[in-house]
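Read through the structure below, which is laid out as structure tokens, and then see the notes.
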Amino acid sequence: MSLRVYDLAHSRTGDKGNTANISVICYQEKDWEFLQRELTPERVMEAFRHIARGPVRRYELRNLKAFNFVIDNALGGGVTVSLAQDIHGKSLCSVMLGIELPDREPTAALR
Amino acid sequence: MSGRDTVRIGSGAGTSDDRMTPALELAERGDIDYLVFECLAERTVARENFARTQDPGKGYSPSLPERLRMVLPACIGKGIRIVSNMGAANPVGGARAARREARELGLGDIPVAVVLGDDVSTIVRSRPELRILENGEPLESILPRIVSANAYLGADVICEALATGAQIVLTGRVADPSLFLAPMMHEFGWSYDDLPKIAQGTAAGHLLECTASVTGGCFGWPGKKDVPDMARIGYPFADVKPDGSISIGKTPGSGGRLDVMTCTEQQIYEIHDPTAYITPDCVLDITHIRLTQEAKDRVRVEGAMARPRTDTYKVTVGYTDGYIGEGEVSYGGIDAVARAKWAADIVKERLRLRGFTYEDFRVDLIGISSLHGDTGDRPESYEVRLRMAGRSPNRLAAHAIGFEVRAMHLNGPGGAGGACEPRVRDVLAVKSLLLPRQLVKTQVVVEGSL
């Protein structure tokens with residue numbers, strides 16, 4: 001199985017209005033730069049394309065080995081009007097953890 | 001100022017529906033000085049305002065009597081002060097209910113300090129030109145439908161209430177971290193100029209405000225992030241010193257875990273720009289915070305930074321926005337998904353034939369696509385529950401959804417089972433705006449005699 005965010009980090013979702021914030025917290029400090037390079041806002045937007053309109057902003061929290069992804073237009077209009085079952089989007093961290101990442105040491109032969 | 005070396009502030013509730021007994025354990029075994037109950041979600045005040053319009057004595061948090069009945073004997077006995085936003089849309093009514101509970105428990109005449117001024121509905125109604133933060137439209141667009149407008153007050157007015165000496169302080173809408181920061185400011189005489197201390201107190205409040213979310217709740221993941229004895233999960237407290245040093249712990253002997261991982265998840269929770277988390281007390285910057293494991297179930301918090309508070313209050317405006325109707329029915333076994341999809345098409349067609357339209361409509365296949373949308377490549381599950389939901393200004397249209405889904409028993413594809421009763425609920429939507437501080441007049445009153 002290919003490398004997923006799940007293998008390197010843990011995550012929690014929070015909500016404010018129609019915006020979700022999803023943390024990505026490295027288990028190990030050494031993985032932070034890899035995720036900084038590979039877990040781009042574009043890659044995250046692609047994974048949430050069928051759920052959220054976006055945009056996605058990424059904030060870096062090097063001090064906590066973490067990132068904070070803020071995804072707009074993600075919660076069906078917001079907690080109070082959303083027709084979704086998970087109106088807070090609490091389960092969305094699982095989508096983040098499921099994002100597949102490129103192999104850490106790509107072999108030159110693939111090119 | 002108390003002259004105390006350390007103040008211990010416990011977190012007894014993190015939402016109106018939070019569990020009850022962990023707060024009692026904190027009061028009995030946690031050696032705490034303050035017990036904070038945070039019971040107001042974004043939309044709760046709007047809901048309680050609605051309750052108050054039905055019955056002027058109501059409008060405080062419905063869980064207030066039960067929560068206080070449980071902890072009051074221990075809190076009164078040990079001199080633990082209670083700070084809570086369970087006043088919701090009627091803090092004075094809440095104070096009366098609290099005093100009633102104390103009397104009925106034989107604890108005597110307990111004064112309750114009440115924080116007022118968060119209800120800014122009159123001010124807001126007279127300013128239809130105010131801009132809604134979410135969409136930039138003038139408030140005028142929802143003016144006739146407004147049921148509540150509440151400013152997120154800060155720690156300063158809660159401090160005033162604590163200064164009365166009343167053992168219980170009840171508020172309406174205040175910012176969650178302010179409930180925790182206020183006892184620190186009160187005990188140690190911190191002012192808003194002590195920015196590093198205000199920052200530390202706000203960061204600690206943010207860690208504590210969701211109770212179990214920092215002790216292993218909303219966290220556990222089997223085999224990956226195990227949480228011991230989750231059934232008896234304990235609630236957290238903060239040990240705060242006059243210089244602003246903070247150490248987070250939890251009820252001795254309780255279940256759960258408290259470590260750098262659980263604290264990190266909670267520290268980032270519901271934050272957008274981590275250099276600018278705006279509360280009524282400061283603009284918090286968590287990008288230099290250090291979390292350190294001091295001992296088992298003990299985490300030190302250092303390095304929170306802040307800029308001065310802004311000159312506005314954030315206001316949440318609640319307004320009625322029609323109705324949401326929903327219905328559910330299940331299919332299992334061979335072609336379960338095909339039958340569920342067929343049923344959804346039939347229901348939609350029948351709603352159309354009846355002339356109903358919806359502002360928003362949604363079809364969920366629970367088990368496949370209800371949480372994370374349809375990627376089109378998920379494996380088909382053995383059984384599936386069809387859920388249909390729609391929003392409409394017309395109550396009948398909302399009700400018709402559940403009615404037509406239930407009718408799948410007799411009038412739809414074969415083998416439909418377990419449809420629920422049609423569900424309809426009033427939509428209380430919320431929007432935000434900013435109000436200049438000087439327009440908001442806060443006040444502290446005491447119910448009972450000190």
Size of electric dipole in chain B: Cβ of Lys, Arg +1 and of Asp, Glu -1, about Cα centre, debye, nearest 20: 800
Dipole of the protein assembly as shown [Lys/Arg +1, Asp/Glu -1 at C-beta], most positive-end residue of B:Val71, B:Thr275, B:Ala400: B:Ala400
Expected 222 nm ellipticity per residue - DSSP helices of 4 or more, -39500 (n - 2.57), all of chain B, to 500: -9000 deg cm²/dmol
Test item: Cα-centred dipole of the range B:281-412, Lys/Arg +1 and Asp/Glu -1 on Cβ, debye: 220
Euclidean distance of C-alpha centroids, the range B:314-340 and the range A:58-103, integer Å: 21
Neighbour cut-off at most 16 other Cβ (10 Å), DSSP loop, trypsin sites (Lys or Arg not before Pro), the range B:221-289: B:Lys224
Mean separation of Cα contacts under 8 Å (6+ apart) over length of the range B:94-200, as relative contact order %: 28
Per DSSP, loop trypsin sites (Lys or Arg not before Pro) in the range A:1-72 with at most 13 further Cβ within 10 Å: A:Arg49, A:Arg53
Taking the range B:124-258 and dividing mean pair separation by its residue count, relative contact order in percent (alpha carbons under 8 Å, at least six apart): 16
Contour excess over end-to-end distance, with Cα ends at B:Lys225 and B:Arg127 and 0.36 nm allotted per residue: 30.3 nm
5 angstrom amide H check on B:Ser370, placed H, neighbours 5+ away: B:Leu365
DSSP-defined beta bridges in chain B - what % are antiparallel, rounded to 5: 80
Two-site FRET efficiency, B:Asp55 against B:Thr292, from Cβ-Cβ distance with R₀ of 60 Å, rounded to 0.05: 0.75
Within the range A:1-16: backbone nitrogen closer than 19 Å to the A:Thr40 label point (7 Å, Cα to C-beta): A:3-5
Label-point separation, B:Leu107 to B:Asn411 (7 Å along Cα→Cβ), nm: 5.5
Span from the the range B:221-286 Cα centroid across to the the range B:42-91 one, whole angstrom: 24
Which of B:Gln200, B:Trp221, B:Tyr152, positive extreme of dipole for the range B:128-247 (C-beta unit charges): B:Trp221
Lys/Arg +1, Asp/Glu -1 at C-beta; the range A:6-108 dipole; positive extreme among A:Leu35, A:Phe67, A:Gly17: A:Gly17
Long-range amide H partners of B:Thr375 with built H, under 5 Å: none
The range B:317-428, relative contact order in percent, only Cα pairs under 8 angstrom and at least six apart counted: 48
Label-point separation in nm, B:Asp273 to B:Glu302, each point 7 Å along Cα→Cβ: 2.8
Model label zone, B:Arg29; criterion: amide N under 20 Å from point 7 Å along Cα-to-beta-carbon; scope the range B:58-83: B:70-80
Surrounding net charge for B:Ala416, when Lys and Arg each add one and Asp and Glu each subtract one, Cβ distance under 10 Å: +2
With every protein chain in place, the protein assembly as shown: carbon and sulfur % of accessible area (1.4 Å): 51
Where the protein assembly as shown is the region considered: accessible area per residue in Å², 1.4 Å probe: 41
Loop-resident sites, the range B:384-450, for trypsin sites (Lys or Arg not before Pro), counting at most 12 other Cβ within 10 Å (DSSP): B:Lys441
Where labels lie 7 Å past Cα in the beta-carbon direction, separation of B:Leu450 and B:Leu143 in nm: 4.1
Cα centre as origin, Lys/Arg/Asp/Glu Cβ charges: the protein assembly as shown dipole, Debye: 740
In the B-A interface, the accessible area buried, summed over both sides, Å² (probe 1.4 Å): 3800
Overall form of chain B per C-alpha gyration tensor (a/c, 1.5; a/b vs b/c): prolate
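The values are calculated or read from the model by the stated rules, or taken from the named source; none is laboratory data. Here the structure is a predicted model, which means the values were calculated and not measured. Reconstructed Cβ throughout: ideal geometry from the backbone, glycine too, with neighbour counts over all protein chains shown. For the accessible areas, the whole protein counts, side chains as well, though only heavy atoms, and no ligand, DNA or RNA atoms are used. Shrake-Rupley method; radii C 1.70, N 1.55, O 1.52, S 1.80 Å.
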